[in-house]
Every structure is written in structure tokens, then in C-alpha cells.
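First comes the structure, then the notes that go with it.
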Amino acid sequence: MLKDRTRTLAYMRAIMENPHLFAGKTVLDVGCGTGVLSMFACKAGAKKVYAVECSKIVDQAREIVKRNHYDDVIEIIEGKMEEVTLPGPVDIIISEWMGYFLFYESMLDSVLYARDKWLAPGGLIFPDKATLYVCAIEDAVYKKDKIDFWENVYGFDMSCIKNLALTEPLVDEVDAEQVMSDIVPVLQVDVATVTKEQLCFAAPFTLTAARTDFVHAIVSFFDVSFTHCHKPVVLSTGPYTHATHWKQTVLYLDRALAMEVGETMSGTLACRPNAKNPRDLDVAASYNFRGRNGTFSNLLRYRLR
């Protein structure tokens, strides 16, 4: 994660370029990892930082904090956010909570718990806004190589594996040149007010072809925003920006759609935790297309695991 410069520099700018927000404040870092965000907060003038982490990297975090002479300000707390106790309320919550597809294996539930339990009235959350987007891409070469491959494997029909592969979203970097539609938002999250229940969603979308091409997949990515900053900072994971470790999430369609420029495809993107394993996400995408080259519709189900 630290090698993801796009991610780390966005947090550094949001925190260190806004000392007027952090000076003299008590900060909670949810899922602190190595403690880099906590140390940014110290440099911005925080008087106290509680850095909570449930994994064993806390041992390294304590050493890192000590080596950088912040152990008098940063208190590393080992444990789950939902199980630890703080001395009192905090003024600011910072967290790098996002997962693939924004929500896969994310820590947003823990951030919401910390918000409701420990954030003082009028307190701030960094980042405080998130937007999930979708677009359509042409991806014939990869789809043929990785998915259609199963139709004929050394002369044998293994298409049952192809059907399985289609249900598993691909997390990968999408070349901007593959994008053949507009990009539309499907979900906006206000971390200051959203509830856990609202993170299960079904959102409609309409995509318009920007050129005449084939559509092989719907792609999703997200932005998060630090809107409390004097100059708002946006961290984007889209195909038109520098690559991040989140990449993009590709949902392959069951067929290639031949779209003409200006034609539209409508649908719905839905997401909820899997009933048997809440760490997994059940994702559904419906599409409806009526164009010069045919009329097609379907409801496709995927599982992020």
C-alpha cells in the first residue's frame, strides 16, 4: 500500500496541507497499518493520535512511530475498532478504508462504528465522500484469451469453467483506450451520515456509446474526496488517472454488444454482502440494449471473493 504513491500522496496532501484543521486536535486512525497516516497527522499538529490496528503489524507500527519520535503523541492500540476503548471522543477520524469495488473487504463498517461511538459533535472524517462509477469497455483480446479459452481446451469442451469465470469479477488495470462509453456515477456515499444498511444498494445507470464498437464488459471504479480541506483533495481509481492498487473491477457480459455511437444501454448495478460469508460481495448487473444491431437484455450475477 505504501508503494501506491497516488493513494499515499493524496492522504498526505489532505492532512499535511491543512494544519488549521489538525492543530491541537485528537485524531483516531482506523486500521492504521504502519502508522503513516498517524504520522502525517502529527506533522499537521495533532496533539494526540489513537492508532487502532487489529493485525500483527502493530509491532512494526510501534517501532516505526518510536524511530520517528512520535511515540509521545501516537498511541498504538491493538484490537478491533469495535472492541477497543478510547479515553474519550476524538475530533477527526482518518482511515484508508476502501476496498476493491469500493466495498470488498473494506473497513467502512469499522469507520461507521467509530463515527457513531467516538466522533465528537462537529467532528471531521478523512475522506468523507465516495462515489462509485461505471462505464463500458471493449475487451475482445483479454476476454478471448482468459474466458473464451475454455470453450475448446486442446479439443475438449470445458465451457462449464467459462461460465464460472464469468461470475467472478476481474480486478485489473483497464486501459483508457478501451473505454467506449461515457462514465456515470451510480452511488454516492457521505461517510458522515451513511448507515450500514444503506451500503446494500441497487442503482440504475444509462451508458451512452462514445464511439461505434463492441461492449464486452461493464467496469466499475471509485473516487474518494476530502471535502473539508481548504483545497479539496480527490483520490481517483479510474482508468484515466494514475494506477492505484485498487485498479478497476471488470464485470464481463454474457455476450458482446455491437453498439453504434450515441446508442444507449441501461441497467442496474446492485451489491450486498454474501449471506453465508459477509466478507464476500454478491454483485448483480442487469442490462437492456435496443440498437441497430439487435435487442438484448439479461441479469448477471457475480461474486467478489
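The values are calculated or read from the model by the stated rules, or taken from the named source; none is laboratory data. Just so you know, these numbers come straight off a predicted model, no measurement behind them. Only protein heavy atoms, including side chains, enter the accessible area calculation; ligands, DNA and RNA are left aside. Shrake-Rupley method; radii C 1.70, N 1.55, O 1.52, S 1.80 Å.
Once all protein chains are placed together, Tyr240 keeps about 140 Å² accessible to a 1.4 angstrom probe. Ligands, DNA and RNA excluded, the heavy atoms of Glu168 present near 80 Å² of accessible surface to a 1.4 Å solvent probe. Checked against a 30 Å cut-off, the cross-linked pairs Lys48/Lys276; Lys80/Lys276; Lys146/Lys196; Lys117/Lys247; Lys66/Lys117; Lys56/Lys231 give Cα-Cα distances beyond that limit for Lys48/Lys276; Lys146/Lys196; Lys117/Lys247; Lys56/Lys231. When the P(r) is computed for the range 1-128, the part past 24 Å accounts for 19% of the Cα-Cα pairs. Rolling a 1.4 angstrom probe over the protein heavy atoms with all chains in place gives the range 260-305 an accessible area of 59 Å² per residue.
Averaged per residue, the range 8-76 has 45 square angstrom of accessible surface, using a 1.4 angstrom probe with ligands and nucleic acids left out.
Compactness of the range 101-200 was expressed as the Cα radius of gyration divided by 2.2 N^0.38 Å, which yields 1.57. For Asp128, the accessible surface of its heavy atoms amounts to roughly 0 Å² (probe 1.4 Å, protein chains only, rounded to the nearest 10).
For the range 200-260 versus the range 173-196, the inter-centroid distance based on Cα atoms is 5 Å.
Quickly estimate the mean residue ellipticity at 222 nm for the chain, helices only: each DSSP H run with n ≥ 4 gives -39500 (n - 2.57), and the total goes over all residues, rounded to 500. Computed ellipticity for the chain at 222 nm equals -5500 deg cm²/dmol.
Based on DSSP, what percent of beta bridges with both residues in the chain are antiparallel, to the nearest 5?
Working: 62 of 79 bridges.
Roughly 80 percent of the DSSP beta bridges within the chain come out antiparallel.
Let me see the P(r) profile for the range 139-190: every Cα-Cα distance counted, bins of 10 Å, each bin given as a percent of all pairs. Here the calculated profile for the range 139-190 is 19, 38, 28, 12, 3, 0. Among Val49, Val141, Val189, the residue with the largest mean-square fluctuation in a Gaussian network model of the chain, with springs joining Cα atoms closer than 10 Å, is Val141.
Quantify, in whole percent, the carbon and sulfur part of the accessible surface of the chain (1.4 Å probe; protein heavy atoms only). Each step should come with its number before you reach the end.
On the way: 7750 of 14950 Å².
That fraction is 52 percent.
Which entry in [x] -0.51, -0.93, -1.23; [y] -0.56, -1.02, -1.28; [z] -0.39, -0.88, -1.43 matches log10 I(q)/I(0) by the Debye sum over Cα atoms at q = 0.09, 0.13, 0.16 Å⁻¹ derived from the coordinates of this structure? For log10 I(q)/I(0) by the Debye sum over Cα atoms at q = 0.09, 0.13, 0.16 Å⁻¹, the calculated option is [x].
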